[in-house]
Structures are given as C-alpha cells and as structure tokens.
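Comments concern the structure below.
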Amino acid sequence: RLFPGVTVVPPGALRPGSGSHYRVFSPYWRAWSATARRPVLGAPHRLCLPPGVDPGVDPGVDPGVLPEASPEPYGVVRGGESEARRRLERWVGDGLASYGETRDRMAGRTSMLSAYLHFGCLSPSEVVDRACGRPGGEEYVRQLCWRDFHYQVVDAFPDMGRRDYRPRNVEWRRDEEAEAAWREGATGVPIVDAGMRQLRAEGWMHNRVRLVTGSYLTKRLGIDWRAGLEHFAEWLLDGDMPNNCGNWQWVAGTGNDTRPYRTLNPLRQAKRFDPEGEYVRRYVPELAALPGDLVHEPWKVRGGVPGYPSAPLGGELRA
Ligand SMILES: Cc1cc2nc3c(=O)[nH]c(=O)nc-3n(C[C@H](O)[C@H](O)[C@H](O)COP(=O)(O)OP(=O)(O)OC[C@H]3O[C@@H](n4cnc5c(N)ncnc54)[C@H](O)[C@@H]3O)c2cc1C
C-alpha cells in the first residue's frame with residue numbers, strides 16, 4: 001500500500017479552475033492553506049517483510065565511489081531521523097519566532113532542515129504541524145508551501161530540469177572561464193564569491209544568497225541556468241530535483257516568477273542583507289580585514305586587495 005508523504009499536499013491534489021496545475025504561487029498558497037492536513041502518525045511498532053525476502057547484508061559504502069566531498073558537510077552534522085527531530089525541536093524553541101524578521105539575513109541561520117526533508121528523515125507534515133499556530137509559524141509554513149508548489153509544477157511539467165517552463169527565447173552565453181570563476185567563488189563580487197564558497201564548504205547556501213548567485217549567473221553573466229542547476233545539484237546536500245529546477249528557472253525568469261525580468265543587484269542585496277559584511281568576511285578571508293562597506297566593494301581599495309580579483313566579472317557594480 002502506498003501513502004503520500006513526500007509533500008504536505010500531494011502533487012495534483014489541488015487544481016485551479018482551469019489547467020492541470022498552479023503556475024503562480026499566491027493562489028496555490030491560498031488553496032493549500034485551506035486544505036485539511038493528514039494526521040501525523042507515529043512510526044509503526046514493527047515492520048514485517050513479505051515472506052521469502054532475504055534482507056541480505058548491508059553492503060556499506062565503498063569510499064572509492066564517492067564524489068569529491070565538501071570539507072565541512074553541513075557544518076559537520078549528523079544525518080538521520082533522531083538528529084532531524086532534535087534540530088526541529090531546537091528550531092521551534094529558539095529560531096521560529098524571529099523567522100519573519102531574520103530569514104533574509106545572510107550571516108544568520110534559518111532552520112536548516114532542507115536536507116533532512118530531502119532525504120525523508122523528517123515528514124514535512126510533521127514540520128508544518130509543529131510550526132503552525134506559533135509566532136513566526138505562518139511565514140515559515142509559507143516557505144514549506146513553496147516546496148510543495150515546485151513538486152506540483154514538476155509533476156505537471158516533468159521536463160523542468162531540461163527545458164524552459166516559460167520559454168523566453170534567451171540566447172544564453174557559453175563562457176567556460178566565467179562559469180569556472182562563478183563555481184569557484186572567484187568572480188570579484190564578494191557576496192557571490194562568499195555564497196559559492198559556502199556551498200562547497202558546507203553543502204548548503206543561504207536562500208537569499210542562492211537567489212543572488214543565481215541571478216548573477218543568469219541575468220548578469222547571461223549564462224544558461226542549466227549550468228547553475230548542475231553545479232548546485234552536485235554540491236547541495238538538499239539538492240532536490242523539483243526545488244532546484246523550480247528555483248533556478250524562477251531566478252532565470254523562465255519559470256514561475258510573475259516578474260521574470262527582475263534582476264537582483266548583488267551589491268544592493270549585500271548592503272541590505274549583510275550590512276556589517278559578516279557573511280562575506282566568514283567565507284572570503286582575503287577581504288576579512290577590510291573596514292566597513294569596503295568589504296562589499298573591494299575594487300575601491302587603492303592598489304587592490306592581494307589575492308582577490310581587482311574588478312568584478314561582468315563589469316562595474318553600483319548599489
Ligand atoms: C537557485 C536556488 C536553488 C535552490 N535549490 C534547492 C534545492 O535543491 N533543494 C531545496 O530544498 N531547496 C532549494 N532552494 C530553496 C531554498 O534556498 C532552500 O530550501 C533553503 O535555503 C533551505 O534552508 P532551510 O531549511 O534553512 O530553509 P528555511 O528558510 O528554514 O525554510 C524551511 C523549509 O522551507 C522550504 N523552502 C524554503 N524556501 C524554499 C524555496 N524557495 N523553494 C522551495 N522550498 C523552500 C525548504 O524545505 C526549507 O527547508 C533553492 C533556492 C534557490 C534560489
């Protein structure tokens with residue numbers, strides 16, 4: 001017997017008046033919020049295998065087949081359900097209430113439950129149940145609804161990882177050198193470099209910085225969103241087909257954004273969401289000693305900063 005559980009509301013369960021799925025988030029959120037949720041059930045006491053199935057021996061993992069690993073995967077955290085539950089409880093106790101005000105702060109931490117949700121260590125219904133009705137709960141649950149939203153889009157448009165959801169006939173550029181600089185965190189735009197280095201170091205990147213690095217790659221450098229998607233899929237611990245594709249296409253303007261031509265100015269974003277430069281200093285040590293705002297505009301330093309690009313890739317930036 002199969003039971004739903006990957007999402008809170010199964011893909012296809014909600015349909016707009018016309019069409020196979022919701023293309024815009026706000027009406028989906030309204031319908032989703034009004035849907036009765038399944039009760040959250042405890043784990044079964046016993047699991048019985050059908051007769052005649054030999055469970056065999058756990059083959060373990062051959063380290064030779066593992067891809068290159070992040071040096072500090074997810075801040076060296078443990079996987080599994082117990083750890084996931086512990087994090088959820090801690091988050092509900094001391095993070096959730098301020099989520100609405102702090103969620104965009106790049107140097108801050110959000111719940112960091114995405115990888116646990118991705119691997120099924122936590123049920124999204126349980127997370128929604130714990131958050132609902134508490135201070136900060138509505139903003140938080142809205143984000144979890146985005147997760148369901150992307151699943152229902154991909155259910156209706158399974159080619160989401162390959163083809164533009166809303167074709168805009170963009171002529172993407174191929175520029176191996178620029179792509180490599182972006183991947184390695186060597187573009188000369190501090191906030192972008194910090195994000196790309198956080199990704200490799202921790203297998204995670206703050207959502208606001210994912211938006212900035214994605215917008216920079218696609219809209220400023222004009223590079224195909226598929227190149228970004230592939231790199232994120234390789235390094236993110238929460239790397240998830242529907243959420244990765246849905247967000248990349250959103251950022252590139254080929255997806256579900258109702259304002260597909262918007263561009264995020266990385267300098268303005270950095271000054272707004274990392275005003276003290278704490279995030280950049282943490283991941284780009286070459287810039288750590290720069291005073292004040294210079295950390296976001298190292299090209300203003302006379303003679304440049306040793307070891308750091310002297311100008312931003314893609315041209316001058318103004319806030
Ligand atoms: C270019 C790009 C690629 C992304 N790729 C992925 C991905 O592969 N896997 C993934 O889970 N998320 C992805 N996201 C969404 C978001 O960045 C992460 O879910 C979030 O940063 C995870 O951290 P958190 O658990 O602390 O989130 P919180 O802010 O604590 O949010 C709680 C939960 O809500 C969900 N959520 C939050 N924001 C989004 C969103 N924009 N879209 C869908 N679900 C969301 C996640 O399940 C998250 O765990 C991507 C965003 C962008 C801009």
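The values are calculated or read from the model by the stated rules, or taken from the named source; none is laboratory data. Worth saying up front: this structure is predicted, and the values here are computed from it rather than measured. Cβ: placed from backbone, ideal geometry, glycine included. Neighbour counts: every protein chain shown. All accessible areas refer to the heavy atoms of the entire protein, side chains included, with ligands and DNA or RNA removed. Shrake-Rupley method; radii C 1.70, N 1.55, O 1.52, S 1.80 Å.
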Exercise. Are there any helices (runs of 4 or more DSSP H) wholly within region 233-319 with 2 or more residues that are more than 24 Å from D175 (Cβ to Cβ) and open to solvent by 50 Å² or more (accessible area, probe 1.4 Å), and if so which?
Worked result: 266-273, 278-283
For this session: Could you list all residues from region 80-114 that are under 15 Å from the mean Cα position of the chain (by Cα) and within 13 Å of E126 (Cα to Cα)?
Result: L113
Seminar exercise, completed: G185: passes all of (1) open to solvent by 10 Å² or more (accessible area, probe 1.4 Å); (2) closer than 22 Å to P309 by Cα but (1)
Problem set entry | Lone unmet requirement of (1) outside any loop (DSSP other than H, G, I, E, B); (2) out of contact with any helix residue (DSSP H, G or I) (no Cβ under 8 Å at 6 or more places or on another chain); (3) at pLDDT below 85 for V61 | (1)
Exercise. If P242 passes every condition in (1) within 17 Å of V295 (Cβ to Cβ); (2) in contact (Cβ under 8 Å) with a residue 40 or more places away in the chain but one, which one does it miss?
Worked result: (1)
For this session: Please list, ordered by first then second residue, the pairs with beta carbon atoms under 7 Å, 6 or more apart or interchain, first in region 108-126 and in the same structural domain as E89 (by TED's automatic domain parsing), second open to solvent by less than 30 Å² (accessible area, probe 1.4 Å) and within 6 Å of the ligand (Cβ to nearest atom).
Result: S114/D238; A115/D238; H118/D238; H118/D240; L122/L113; P124/L117; P124/L144; P124/R147
Exercise. Is region 180-195 home to any residue that is within 12 Å of the ligand (Cβ to nearest atom) and on the phi < 0 side of the Ramachandran plot?
Worked result: yes
For this session: Quick one: E126 ticks every box in (1) in a helix (DSSP H, G or I); (2) within 12 Å of the ligand (Cβ to nearest atom) except a single one, so which number is it?
Result: (2)
For this session: Would you check if G214 is closer than 18 Å to N265 by Cα and away from the ligand (no atom under 14 Å from the Cβ)?
Result: no
Problem set entry | All positions within region 4-48 that are in contact (Cβ under 8 Å) with a residue 40 or more places away in the chain and of a type in the set (V, I, T) | V6, T7, V8, V9, V24, V40
Exercise. Does L66 meet the test of being farther than 20 Å from R147 by Cα and modelled with pLDDT under 85?
Worked result: yes
Exercise. For region 305-316, how many residues are closer than 15 Å to T187 by Cβ, more than 25 Å from the chain's Cα centre (by Cα) and either at pLDDT 95 or above or not acidic (D, E) (or both)?
Worked result: 7
For this session: Assess whether G228 counts as being touching a helix residue (DSSP H, G or I) at 6+ places or on another chain (Cβ under 6 Å) and either crowded, with 22+ Cβ neighbours inside 10 Å or in the same structural domain as R78 (by TED's automatic domain parsing) (or both).
Result: yes
For this session: Six or more apart or on different chains, Cβ under 6 Å: which pairs go from a residue in region 181-209 that's of a type in the set (A, V, I, L, M, F, W, C) to one that's part of a loop (DSSP other than H, G, I, E, B) and open to solvent by less than 10 Å² (accessible area, probe 1.4 Å)? Could you list them?
Result: A181/T187; A194/V284; M196/G185; L199/M205; V209/M106
For this session: Kindly indicate whether G222 is free of Cβ contacts under 8 Å to residues at least 24 places away in the same chain, farther than 25 Å from R109 by Cβ and away from the ligand (no atom under 16 Å from the Cβ).
Result: no
For this session: Of the conditions (1) more than 12 Å from the ligand (Cβ to nearest atom); (2) open to solvent by less than 30 Å² (accessible area, probe 1.4 Å); (3) farther than 19 Å from G42 by Cβ, E101 clears all except one; give me its number.
Result: (2)
